[in-house]
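The values are calculated or read from the model by the stated rules, or taken from the named source; none is laboratory data. All values derive from a computational prediction rather than experimental measurement. Cβ: placed from backbone, ideal geometry, glycine included. Neighbour counts: every protein chain shown.
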Amino acid sequence: EVTAAYKPTVYLLDDFHPIAVKRAKALFNLITPTHPDWQSWRENAEFLLVKGSTLTASDIKAASKLRAIGKQGVGIDKIDAQACKDAGVAIINTPGVNATAVAELVLTLTMTLGLIGMGNIGKRVAEIFQGAFGSSIVAYDPFMPADVWDDLPHTRISTPAEVIEAADVLSLHVPLTASTRDMLTYKEKSMMRPEAIIIDAARGGIVNEADLCRALSDGLIWGAGLDCHEEEPPTKARYAALWEHPRMVSTPHIGAATNQTQMETAVAAVERLHAHTGE
Ligand code: NAD
């Protein structure tokens, strides 16, 4: 007698690229809860796949069977990581898969550069800038060993203050955490070159938005490019003052939104969750 292979039951809470959904259906018993049963995953799910859903501490506590969350993309700021840790729920994200797409978005907004955060995206931005323009780069990332930049010869590892003071273009590539929130307030902007540009394609709230508006109006910096906003999708009610500024460019969190990258990150989330279920 042939027994069907065991398929873990996985709840898919967000829209994934169709190729990733097809792959997930092959690997898992895939459930896509819809209204009014959307919350049913909290009672039943052992595994989740998400992209943009918020998972609070009370969601995690209520989901007593939950073992792992597969997250398309790298940012896990909408998932209560501490609650997951306490409950022994693994978070499996897809770092690196979207680095090229986000690096290319930054390239469209800038020419030369200082970087805070030198993980997959920061490093890729540095590589592209050096390859395209031979830029010299000042960078800060206290958590990476210095030798990870050996193949980027014109990159100087520096202090945050030096990066902020030296950059013509300051691009942020850190996760949103309690320690990176409001990393760039009015005070830091007052240390910057008046011709400098700030780019945030990481997360809204790393650059303090009210202070950014004031710094642009007061001429502390020349311009800004934001792919990420504290309120998403960004509304005119909240962002009119920033959007009306002539040297401000705003895009609606499209850094990783290419069709290819959406397909690759979603498939990576499915594959990595599947590898975890077999551990
Ligand atoms: P990554 O984990 O590879 O790199 C993040 C780096 O930030 C790490 O090297 C870490 O050491 C560093 N870091 C953390 N705290 C820091 C601090 N206080 N000062 C300096 N460095 C610090 O992640 P990644 O793939 O490079 O992505 C970076 C961020 O970009 C993600 O967390 C996510 O929020 C954002 N992102 C945005 C989009 C988009 O569509 N715009 C897409 C993907 C990722």
Among (1) under 26 Å from Leu49 (Cβ atoms); (2) modelled with pLDDT of 95 or more; (3) crowded, with 16+ Cβ neighbours inside 10 Å, Thr277 falls short only on (2)
Report yes if some residue within region 252-266 is at pLDDT 95 or above, touching a Lys or Arg at 6+ places or on another chain (Cβ under 7 Å) and crowded, with 17+ Cβ neighbours inside 10 Å; otherwise report no.
no
Result of the Cβ filter at 7 Å on region 134-146, keeping first residues that are closer than 11 Å to Asp168 by Cα and part of a strand (DSSP E or B) and partners that are β-branched (Val, Ile, Thr) and at pLDDT 85 or above, at least 6 apart or interchain, is Val138/Val163
Checking the structure you have, find out if any residue of region 111-122 is more than 14 Å from the ligand (Cβ to nearest atom), modelled with pLDDT of 85 or more and of a type in the set (A, V, I, L, M). yes
Restricted to region 123-154 and to residues being within 25 Å of Arg181 (Cβ to Cβ) and of a type in the set (Phe, Trp, Tyr), the residue farthest from the ligand (Cβ to nearest atom) is Tyr140
Going through region 156-192 in order, the residues found to be within 20 Å of Arg214 (Cβ to Cβ), charged (D, E, K, R) and more than 11 Å from the ligand (Cβ to nearest atom) are Glu165, Asp182, Lys187, Glu188, Lys189
Within region 77-101, of all residues that are within 16 Å of the ligand (Cβ to nearest atom) and small (Gly, Ala, Ser), the one farthest from Thr180 (Cα to Cα) is Ala101
Going through region 194-212 in order, the residues found to be more than 10 Å from the ligand (Cβ to nearest atom), surrounded by 17 or more Cβ atoms within 10 Å (Cβ to Cβ) and not aliphatic (A, V, I, L, M) are Gly205, Asn208, Glu209, Asp211
Residue pairs qualifying under the 9 Å Cβ cut-off, at least six apart or on distinct chains, with the first in region 1-25 being part of a helix (DSSP H, G or I) and the second being modelled with pLDDT of 95 or more and among the polar types (S, T, N, Q), are Ala20/Gln72; Ala20/Gln262; Ala20/Thr265
Residues of region 102-133 being crowded, with 19+ Cβ neighbours inside 10 Å, part of a helix (DSSP H, G or I) and either among the small types (Gly, Ala, Ser) or in contact with a Lys or Arg (Cβ under 6 Å, 6 or more places away or on another chain) (or both), in sequence order, are Ala103, Gly122, Ala126
Scanning region 79-93 for residues that are in contact with a strand residue (DSSP E or B) (Cβ under 7 Å, 6 or more places away or on another chain) and touching a residue at least 24 places away in the same chain (Cβ under 8 Å) gives Ile79, Asp80, Cys84, Val89, Ala90, Ile92, Asn93
Condition set of a type in the set (Ser, Thr, Tyr) and free of Cβ contacts under 8 Å to residues at least 60 places away in the same chain, scope region 147-179, selection surrounded by the fewest Cβ atoms within 10 Å (Cβ to Cβ): answer is Ser179
